[in-house]
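Every number in this text was worked out from the coordinates using simple rules, so none of it is lab data. Everything numeric here is computed off the predicted structure, so don't read it as measured data. Here the Cβ positions follow ideal geometry from the backbone for every residue, glycine too, while neighbour counts run over all protein chains shown.
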Amino acid sequence: MRLDRDTSESTILVTGAAGQLGSELRDLAEMYPSLHFRFFDRTDLPLDRPDLLAKVFEDLRPLVCLNAAAYTAVDKAESDAVHAFAINAEAVGDLAILCKLWGSLLVHISTDYVFDGQGKEPYREVDPTSPLGVYGASKLLGEKLAFNTYERVLVIRTSWVYSAYGKNFVKTMLRLMGEKESLGVVDDQHGRPTYAADLASAILDICALYQTVPFDVRRNDARFRGIYHYADEGAITWYDFARAIASLSGSSCEINPIPTSAYPTPARRPAYSVLDTNRIEATFRLRIPDWKESLRRCLEKLK
């Protein structure tokens, strides 16, 4: 087995480069000149091809593997479980094996859907998990496979991600508000929206800090292992979110609250998945932006 090597290598291997988070990471990369980024999307590097993963790791020997790739089609996953588990679980285990082989830190992005939503207080990292559907179950298994394989794994669970890229709630609402005079939006699911650019910034700050840690200290530095929660500040409902999108975008579309039962979907959503972010804020001294201010920045970027 290859052990850690004393090196000034600064390569950050990023998977899922074409997704919401991956795209925001690309936009921010130039702000971190000490780090050398290699971005791969699912065409460049399919995560269900262990042979290709192994070749990339051998070529790059990355300081950090940042896994921003995921099967995120929550409803489709209910009828496509094999594929969802292949990407969200098995591939994460493969990445952990390769990170262990080459001494890389694995930063893996997970989800609030690992919880069943029956809680009433913000979920902490140590709270029991109980996913309601295939998507959450596959992401939870990915976490477990990584931790069972390697000690230097940092999992960041996030929630309600949106950005100027890809498909997401904000862009869907803007489209529908331009087509309809009124919309019904679920008002009994609570969470914390996350602008992918904010999440990307936090992750890159952590990677930059990791690079500064002396080589012989990294192995046992407790900051860079375990689970953290990250989401923008403020707990709201999807209805609250939609109303803010309408207000900030200047839309005259009428937004009406509806119960989850009026909008059935193949996959059940947690009714309450507010994440407690105290640990990541305290450990890495992060300032997490308010969700509405971040939404305003995203809308400006979309313009």
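For the chain, the longest principal axis of the Cα atoms and the long axis of helix 134-149 meet at an angle of about 20 degrees. Once backbone amide H atoms are built at 1.01 Å from N, Ile109 has Asn67, Ile156 as its partners under 5 Å, excluding neighbours fewer than 5 places away on the same chain.
Stretched out straight at 0.36 nm per residue, the stretch from Glu121 to Lys76 would grow longer than its current Cα-Cα span by 13.3 nm.
Spatially, the range 80-154 and the range 215-284 are offset by 17 Å when compared through their Cα centroids. For the range 98-103, 3J(HN,Hα) computed residue by residue from phi via the Karplus equation (6.51, -1.76, 1.60; θ = phi - 60°) reads 5, 4, 5, 4, 9, x Hz, glycine and proline entered as x.
If you take all other residues with their beta carbon under 15 Å from the beta carbon of Asp51, and give Lys and Arg +1 and Asp and Glu -1, the sum is -4. Computed from the alpha carbon atoms alone, the convex hull of the range 150-256 holds 118 Å³ per residue.
For Glu125, Glu30, which order do you get if you count the other beta carbons within 10 Å of each Cβ and list the fewest first?
Values: Glu125 16, Glu30 8.
Final ranking by Cβ density, sparse to dense: Glu30, Glu125.
Mean-square fluctuations from a GNM of the chain, with a 10 angstrom spring cutoff on Cα atoms, peak among Phe40, Phe169, Phe215 at Phe215.
Under 5 Å between amide hydrogens, built in the peptide plane, is the criterion, and for Leu275 it picks out Tyr123, Arg192 among residues at least 5 positions away or on other chains. The string of couplings for the range 205-214 from the Karplus curve (6.51, -1.76, 1.60, θ = phi - 60°) is 4, 5, 4, 5, 5, 4, 4, 7, 6, x Hz, one whole number per residue in order, with x for Gly and Pro. Distant-in-sequence amide contacts of Phe37, defined by a placed amide H-H separation under 5 Å and a gap of 5 or more residues or a different chain, comprise Ile12.
For the chain, what does the helix formula give at 222 nm: sum of -39500 (n - 2.57) over DSSP H segments with n ≥ 4, over the residue count, nearest 500 deg cm²/dmol? Don't skip to the end; give the middle numbers.
Numbers: 11 runs with 116 residues, N = 303.
After summing the helix terms and dividing by the residues of the chain, the value is -11500 deg cm²/dmol.
Computed across the chain, the Kirkwood radius stands at 19.8 Å (inverse of mean 1/r, all Cα pairs). 3J(HN,Hα) couplings calculated from phi for the range 62-79 with the Karplus curve 6.51 cos²θ - 1.76 cosθ + 1.60 (θ = phi - 60°) are, in sequence order, x, 5, 9, 9, 9, 8, 9, 7, 6, 8, 10, 6, 4, 6, 4, 4, 4, 10 Hz; Gly and Pro show x. The long axis of helix 50-60 is offset from the longest Cα principal axis of the chain by roughly 60 degrees. Three principal axis extents describe the C-alpha atoms of the range 96-171; from largest down they are 39, 32, 21 Å. Taking the convex hull of the alpha carbon positions in the range 1-95 and averaging its projected area over all directions gives 6.8 nm². Taking every alpha-carbon pair under 8 Å whose residues sit at least 6 apart, the range 139-238 reaches a relative contact order of 45 percent.
How high is the relative contact order of the chain, given as a whole-number percent (alpha carbon pairs under 8 Å, six or more residues apart)? Please report the intermediate quantities before stating the final value.
Details: 577 pairs, mean separation 65.0, N = 303.
Result for the chain is 21 percent.
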